[in-house]
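Enquirer: The structure under discussion is supplied below as structure tokens; questions concerning it will follow.
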Amino acid sequence: MNEIIFEGPDDLYNKIGDKALDGEAHKPLISIHATIRMFRDPNTCSCKKGKKVQDKIVGMYMSLPPSIRIDPFRENIKALFDNSVLIFKINGLEFARIE
């Protein structure tokens, strides 16, 4: 079975890319995607890009797997990534796997 490895929040954001996210079907991904997009936006005030926001993004990323495991999100999000096994890593260490 294919595997999609997310090396961190930025890698997750890049792998979502321009895929269409549905507010109901992909609900766990919506808030982290929006937060990272705002963080990366060069037009966003630098006061909104501090350590507090970076820590918030990492916290959101770490809490994603339990949210994704809830049906129907699990099937919908796996379908977004071609029904691959989703592997979440941070600092090179795997902390979650969704099969």
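Enquirer: What nm distance separates the two modelled labels at K56 and E75, each placed 7 Å from Cα along Cα→Cβ?
Expert: That separation, rounded to one decimal, is 3.4 nm.
Enquirer: Tell me the mean residue ellipticity at 222 nm calculated for the chain from its helices only (DSSP H runs of n ≥ 4, each -39500 (n - 2.57), averaged over every residue, nearest 500).
Expert: Computed mean residue ellipticity for the chain: -15000 deg cm²/dmol.
Enquirer: By how many degrees, 0 to 90 and rounded to 10, does the Cα axis of helix 27-40 deviate from the longest principal axis of the chain?
Expert: With rounding to tens, the tilt is 30 degrees.
Enquirer: Same structure again: Kindly express, to the nearest 10 degrees and within the range 0 to 90, the angle between helix 51-68's C-alpha long axis and the longest C-alpha principal axis of the chain.
Expert: 10 degrees
Enquirer: Among the lysines, which fall within straight-line cross-link reach of K19, defined as a Cα-Cα distance under 22 Å, with same-chain neighbours fewer than 8 residues apart omitted?
Expert: Reachable lysines: K27, K78, K89.
Enquirer: Which distance in nm do the two modelled labels at C47 and I90 give, with both placed 7 Å along the Cα-to-Cβ direction?
Expert: With each label point 7 Å from Cα toward Cβ, the separation is 2.8 nm.
Enquirer: Translational diffusion coefficient of the range 3-98 at 25 °C, 0.890 mPa s, Stokes-Einstein with Kirkwood Rh over Cα pairs, in µm²/s as a whole number.
Expert: Values: Rh = 13.8 Å.
Calculated translational D: 178 µm²/s.
Just so you know, all these numbers are worked out from the coordinates, no wet-lab data involved. Quick caveat: nothing in here was measured; it's all calculated off a predicted structure. Glycine also receives a Cβ, built like all others from the backbone with ideal geometry; neighbour counts cover every protein chain displayed.
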